[in-house]
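The values are calculated or read from the model by the stated rules, or taken from the named source; none is laboratory data. Given the structure is predicted, the values throughout are model-derived calculations rather than measurements. Glycine gets a Cβ as well: all are built from the backbone with ideal geometry, and neighbour counts include every protein chain shown.
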Amino acid sequence: MLRRPVAAARPPSRRPAARPRAAGLALALLAGAATAHTPHDVLGVVEPSPDHATDGTLVAAATLSEDLVWMRSEDDGLTWDQRAHPLLDGGVTAIRYSPDFAADRTVFVATRRRGVWVSTDGGETLVPAVTGLDTQRIYGLAISPDFPTDGTLVAATELGVRRSVDFGATWAPADTGLVETQLERVAFAGGGDGSPSVLFVAGHTLHRSTDGGDTWTPVLALADDCRAIAPSPDFDVDGLVSVGVESIEGVLTSVDGGLTFSPDVASLTELAVRDMVVLSDGSRVCITRSEGTWSSPGPGAPWTRNVAGLGPLSPLTTEHYADLSVVLDGADDVVFVSAYTGLYASTDGGTTWRQRDVYGQRIHRALVVSPAGDGTLFAANFGGGLQAGFPGLPPGAIPPDVGPPPTAGAGPGPGGLGTSGTAGG
């Protein structure tokens, strides 16, 4: 991390405008620091572990200060391990955990240009899992609810469905019945504990399979790319699955197990749906391209826009929201949204949001000492705004909140990315 040196203290001045002028200079430096490295923390994909309520595990792919970063947290985002990884160059599209993650520590990562990767140590290390894949362009990935016993993974690719039945060791086509090959999303619905599940995959047509992907039946033609397949946690009982479409149609919902669908866009004023999840109580949360997050209490019920706590939209993009994920824990569900301006979480069904820092506010980009000679130091932080007001310190002294300069390679930043770093939450 590079840091500008602290400006030398000036002799005491009797001019009353000195402090405002120093504040103006600090603000100018803050603006320069922010614009020189925007976007500062773009979250592409974040996924909590199935045991997040007890293990606090989150893994994510992000861009921090223009560096592609693989991130892990085991304390619910209070601190992060951040590092570079070759899979990031491929563009991460999905992160999926084994249902038995607590025991096997297995995580799979799908990418747009580098195939599938796997970790068996909770995301600490990842290796390619591409044997048999005839394409590296993986747009969606689903893991069987019975993965610990059946070893099944299903990938949506540019060439159709690719399936592994040996825990990702090898892959083979599973395209029988498909009416298209350019696929975007895939999801298992229901099942688990040996019970049969239903499998959905879609590009511009939603397909359904009841035999694990051996055969497919087209059930719904879509007007645009499918961006989300969101089955209910109680799919075996309520038959609920919602589909999010890039534009025109917005949300389509089925309550008969995915056999028939109806429009489900009441009060949804932006139809460019980017992702969607169904919560434990059957309510839904979705994100649209630029209008943020929406919630609906159930099929056919109106959608309500909920942006309280979400950061301001960046002028640098029109794709403001990227990914939704959920920790299903009954009344204590937690929803995460990845955005161009960072990571946000909701504990009230998507009604309000709170930002989770992934780039620590203690990364100081500019320090200015007041020319008034009163010991005030202005600290411009990369993500935490402007701090000021340290009267009584000797001129030029660094207050305890700022701390010593970082050592080379000690964390993320424009000077390079160290092996690991932490960010406060």
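Quick one: which residue in 266, 272 is over 22 Å from residue 327 (Cβ atoms) and buried (at least 18 other Cβ atoms within 10 Å of the Cβ)?
So the residue among 266, 272 that is over 22 Å from residue 327 (Cβ atoms) and buried (at least 18 other Cβ atoms within 10 Å of the Cβ) is 272.
Exactly one of these conditions fails for residue 247: (1) at pLDDT 95 or above; (2) of a type outside the set (A, V, I, L, M); (3) within 23 Å of the chain's Cα centre (by Cα). Give me its number.
It is condition (1) that residue 247 fails.
Anything in the stretch 294-329 that is of a type in the set (Val, Ile, Thr) and farther than 18 Å from residue 231 by Cα? List them, or say none.
304, 307, 317, 318, listed by residue number.
So, residue 309, is that one in contact (Cβ under 8 Å) with a residue 12 or more places away in the chain, more than 30 Å from residue 80 (Cβ to Cβ) and not hydrophobic (A, V, I, L, M, F, W, C) or not?
In short, no.
Got a number for residues in the stretch 59-89 being surrounded by fewer than 20 Cβ atoms within 10 Å (Cβ to Cβ), outside any strand (DSSP E or B) and out of contact with any Asp or Glu (no Cβ under 8 Å at 6 or more places or on another chain)?
Residues flagged as surrounded by fewer than 20 Cβ atoms within 10 Å (Cβ to Cβ), outside any strand (DSSP E or B) and out of contact with any Asp or Glu (no Cβ under 8 Å at 6 or more places or on another chain) within the stretch 59-89 amount to 8.
Among the residues that make up the stretch 195-211, is at least one of them out of contact with any Phe, Trp or Tyr (no Cβ under 6 Å at 6 or more places or on another chain), at pLDDT below 95 and within 28 Å of residue 281 (Cβ to Cβ)?
Yes: the stretch 195-211 contains one or more residues that are out of contact with any Phe, Trp or Tyr (no Cβ under 6 Å at 6 or more places or on another chain), at pLDDT below 95 and within 28 Å of residue 281 (Cβ to Cβ).
Which of the residues that make up the stretch 137-190 are assigned to a loop (DSSP other than H, G, I, E, B) and β-branched (Val, Ile, Thr)?
Selection gives 152, 165, 170, 176, 179, 181.
For the stretch 293-309, give me the residue count where each residue is crowded, with 22+ Cβ neighbours inside 10 Å and more than 12 Å from residue 251 (Cβ to Cβ).
Here the count works out to 1.
Take the residues in the stretch 119-133 that are outside any loop (DSSP other than H, G, I, E, B) and not small (Gly, Ala, Ser); name whichever of them is surrounded by the most Cβ atoms within 10 Å (Cβ to Cβ).
128
Are there any pairs, at least 6 apart or on different chains, whose C-beta atoms fall under 6 Å, with the first in the stretch 149-172 and over 24 Å from residue 217 (Cβ atoms) and of a type in the set (Asp, Glu) and the second part of a loop (DSSP other than H, G, I, E, B) and modelled with pLDDT of 95 or more, and if so, which?
These pairs meet every condition: 166/151.
Condition first: among the β-branched types (Val, Ile, Thr) and modelled with pLDDT under 80. Can you find one or more residues in the stretch 331-338 that meet it?
no
Read through the list (1) surrounded by 24 or more Cβ atoms within 10 Å (Cβ to Cβ); (2) touching a Lys or Arg at 6+ places or on another chain (Cβ under 8 Å), then give the number of the only condition that residue 183 fails.
Residue 183 satisfies every listed condition except (2).
Out of the residues in the stretch 114-147 meeting the condition of being over 19 Å from the mean Cα position of the chain (by Cα) and among the aliphatic types (A, V, I, L, M), tell me which one is nearest to residue 73 (Cα to Cα).
In this case the residue turns out to be 127.
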